[in-house]
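I have placed the structure first, in the form of structure tokens, so that the comments after it can refer back to it.
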């Protein structure tokens with residue numbers, strides 16, 4: 001029976017477990033480039049398992065595109081697991097550092113009040129600037145940035161989006177048989 005795909009474009013996160021070897025992040029990113037897919041954000045970091053790295057890639061696309069790129073990722077030799085997360089099934093967060101102009105005491109006080117409302121933190125104070133750290137959903141961080149624009153944003157540095165599935169389900173759950181990932185990988 002043929003699966004029907006939704007052609008509606010929405011935000012997806014691909015979580016990929018890979019062997020922690022030099023060049024693996026580049027190898028995964030090149031796959032997306034070769035297929036002509038634009039990566040909205042990419043983050044990699046260690047996991048609870050030694051020698052395994054988790055790569056979170058956020059992209060806009062339809063269901064067919066996401067299924068195809070996930071299948072291509074599964075074929076890469078260092079890939080151990082791939083999980084597709086959509087907006088409804090996961091928790092997404094990012095970090096932003098925002099340096100904002102604070103010309104006088106009144107501006108600083110107003111900025112600090114905004115920062116507290118958004119549960120962010122002032123992490124550096126200068127004579128004419130404040131640096132703010134905010135952790136949260138993309139919409140929360142964007143809202144804070146929008147409020148701070150009136151003061152004059154000097155610089156922004158953001159991480160990419162990290163995501164994890166809601167509930168008890170994990171990336172380690174076999175959404176495909178372990179043998180399918182390993183088939184042919186040990187032949188070389």
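Within the range 80-102, the residues that satisfy the criterion of being under 18 Å from the mean Cα position of the chain (by Cα) and over 30 Å from residue 130 (Cβ atoms) are 81, 82, 83, 84, 85, 86, 87, 88, 89, 90. For the range 85-114, a tally of residues being surrounded by fewer than 18 Cβ atoms within 10 Å (Cβ to Cβ), in contact with a helix residue (DSSP H, G or I) (Cβ under 9 Å, 6 or more places away or on another chain) and within 26 Å of residue 24 (Cα to Cα) returns 3. Checking every residue in the range 93-113 against the condition of being outside any strand (DSSP E or B) and closer than 27 Å to residue 19 by Cα gives zero matches. Only one entry of 68, 72, 27 meets the criterion of being over 12 Å from the mean Cα position of the chain (by Cα) and free of Cβ contacts under 8 Å to residues at least 40 places away in the same chain, and that entry is 68.
So, in the range 126-159, exactly how many residues are in a loop (DSSP other than H, G, I, E, B) and under 25 Å from residue 56 (Cβ atoms)? Number satisfying all stated conditions: 2. Scanning the range 132-162 for residues that are touching a residue at least 60 places away in the same chain (Cβ under 8 Å) and under 26 Å from residue 16 (Cα atoms) yields 157, 158, 159, 160, 161, 162.
Note on the range 20-42: residues that are more than 25 Å from residue 96 (Cβ to Cβ) and part of a helix (DSSP H, G or I) total 8.
For residue 164, indicate whether it is at pLDDT 90 or above, surrounded by 14 or more Cβ atoms within 10 Å (Cβ to Cβ) and assigned to a strand (DSSP E or B). In short, yes.
The values are calculated or read from the model by the stated rules, or taken from the named source; none is laboratory data. Keep in mind that this is a model prediction, so the values were computed, not measured. Glycine gets a Cβ as well: all are built from the backbone with ideal geometry, and neighbour counts include every protein chain shown.
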